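Notes to accompany the following structure.
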Amino acid sequence: MQSLHAKSVQGQRPFTAQRPRTVRGSVSVRAVAAPPRLITKRSEEIFKEAQELLPGGVNSPVRAFRSVGGGPIVFDRVKGAYCYDVDSNKYIDYVGSWGPAIVGHADDEVNAALKAQIDKGTSFGAPCELENVLAKMVIDRVPSVEMVRFVSSGTEACLSVLRLMRAYTGREKIVKFTGCYHGHADSFLVKAGSGVITLGLPDSPGVPKSTAAATLTATYNNLESVMELFAANKGEIAGVILEPVVGNSGFIVPTKEFLQGLREICTAEGAVLCFDEVMTGFRIAKGCAQEYFGITPDLTTMGKVIGGGLPVGAYGGKKEIMKMVAPAGPMYQAGTLSGNPMAMTAGIKTLEILGRPGAYEYLERITKRLIDGIILAAKEHGHDITGGNISGMFGFFFCKGPVSCFEDALAADTAKFARFHRAMLEEGVYLAPSQFEAGFTSLAHTDADVDATIAAARRAFARI
């Protein structure tokens with residue numbers, strides 16, 4: 001099968017010559033297709049210019065492809081399950097704008113709603129009824145949320161909830177987990193995940209020692225490490241924040257016992273439990289990860305899906321806690337574009353689509369087919385691999401596994417992932433450019449897309 005991006009040049013077929021593959025101790029070899037030719041001349045030109053204009057040539061570090069090599073692919077447009085670059089290459093996309101595009105890129109229904117709203121105005125800086133509509137949808141679906149505040153990003157939601165936990169408890173220290181990423185607020189850039197791991201930066205310069213000292217780190221899926229921190233900091237811990245399914249150290253699933261244990265510890269210690277559902281929110285279940293696992297936190301942060309592709313974040317929880325937020329209470333937080341009508345419109349339509357019968361069942365079925373196929377293809381070619389999915393979120397590591405925490409994830413063969421990532425680009429499949437990122441499917445992905453991806457993976461595994 002030809003690459004999705006393969007194009008004829010002056011009437012000639014794309015290069016698909018066969019070359020022999022030698023196997024140690026064997027004279028007879030099987031032929032392996034040479035990689036399709038990937039032309040990225042325009043992407044290279046744009047990125048070269050961008051490096052003189054933007055730090056590292058990008059506006060978010062992981063986009064620079066530092067951990068996988070080669071230059072980044074510069075997008076021109078997206079639609080459905082596909083992305084198209086400035087060199088006219090087409091890819092099946094499993095990044096989905098890092099999660100928001102759960103109903104597919106540039107969905108017709110979402111676009112129509114946005115176009116209608118544009119004529120009414122893009123930003124009010126004043127209350128609008130759309131805020132109430134989306135708030136009621138969130139409160140109705142998310143078990144922990146009785147009141148919600150909209151902001152403009154996941155980072156803003158997490159830094160706000162951090163301040164709220166401290167204001168509510170009168171305590172300063174926070175427990176987070178090694179490898180979990182909660183945005184780039186100072187307190188969270190201590191043993192963080194995602195782009196921080198990708199760039200090899202265990203902590204970020206510019207974070208005051210006093211701030212870092214108030215952030216305590218535990219091991220994911222390890223309750224004993226949490227209990228030790230509470231014992232050593234009696235009456236000083238405001239709360240615990242975690243990704244209920246890790247997506248920023250790769251895809252790591254918690255045990256229900258771990259989440260239940262955190263709930264019980266926080267209740268006993270008078271600390272606030274916060275699920276950072278910026279990534280998992282409305283993606284792995286209609287009521288987020290807390291509904292999926294049956295564990296209700298005190299506070300929840302949200303983003304990505306809730307904005308339907310526009311910049312949105314939110315934090316919410318029990319009324320008694322949320323009433324600490326200004327102007328209802330003394331904890332100040334504000335935002336010029338918070339609750340803007342465009343973002344609310346996209347979020348409302350996206351959640352409406354996700355609320356239709358069969359949506360999450362479809363995401364589970366198609367994503368399980370995808371990850372099972374990739375894992376089988378890897379094993380057929382002798383590669384160590386472990387992975388899985390929950391609904392439309394998936395991931396894999398090039399190691400034997402299992403992977404239950406960040407420390408386990410470090411055993412993954414990142415050099416092999418880099419080769420695989422490049423091989424899949426050549427085959428017309430766009431994966432996250434880091435071993436330490438989860439992947440995402442959408443309602444726009446079809447069985448044909450999954451079949452094409454698995455076939456591409458087989459060819460890629462044969463080459464690497």
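The values are calculated or read from the model by the stated rules, or taken from the named source; none is laboratory data. If you're wondering where the values come from, they're calculated on a predicted model, not measured in any experiment. Here the Cβ positions follow ideal geometry from the backbone for every residue, glycine too, while neighbour counts run over all protein chains shown. Please note that ligands, DNA and RNA were not included when accessible areas were found on the heavy atoms of the full protein model with its side chains. Shrake-Rupley method; radii C 1.70, N 1.55, O 1.52, S 1.80 Å.
Per-structure values
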item	result
Cβ crowding within 10 Å averaged over residues, with 132-144, 50-62, 441-453 ranked highest first	441-453, 132-144, 50-62
Residue-count net charge about Phe275 - beta-carbon cut-off 12 Å; Lys, Arg +1, Asp, Glu -1	-4
Packing-based order for 415-422, 244-251, 121-128, using average beta carbon neighbours within 10 Å, highest first	244-251, 415-422, 121-128
Using alpha-carbon coordinates, inclination of helix 359-380 to the longest axis of the chain, degrees	50 degrees
Integer Hz, Karplus 6.51/-1.76/1.60 couplings in order for the stretch 233-244, x for Gly and Pro	10, 4, x, 10, 8, 6, x, 10, 10, 7, 7, x
Relative packing of 220-228, 180-188, 396-404, which averages over residues the other C-beta atoms within 10 Å, highest first	180-188, 396-404, 220-228
Long pairs among Lys256/Lys349; Lys176/Lys323; Lys319/Lys368; Lys120/Lys304; Lys176/Lys319; Lys256/Lys323, criterion Cα-Cα beyond 26 Å	Lys256/Lys349; Lys319/Lys368; Lys256/Lys323
Label point distance in nm, Asp119-Glu172, each placed 7 Å from Cα along Cα→Cβ	5.6 nm
Accessible carbon and sulfur surface of the chain relative to its total accessible area, %, 1.4 Å	53 percent
Net +/- balance of residues flanking Gly235 in space, Cβ distance below 9 Å, scoring K and R +1, D and E -1	0
Cα gyration tensor shape for the chain, rounded if a/c is under 1.5, else prolate or oblate	prolate
Whether the stretch 329-380 is rounded, prolate or oblate, judged on the alpha carbon gyration tensor where a/c under 1.5 counts as rounded	prolate
Surface accessible to a 1.4 Å probe, per residue, for the residues of the stretch 74-126, Å²	45 Å²
Gyration tensor verdict on the stretch 194-348 (Cα atoms; rounded if a/c is under 1.5, prolate if a/b is larger than b/c, oblate otherwise)	rounded
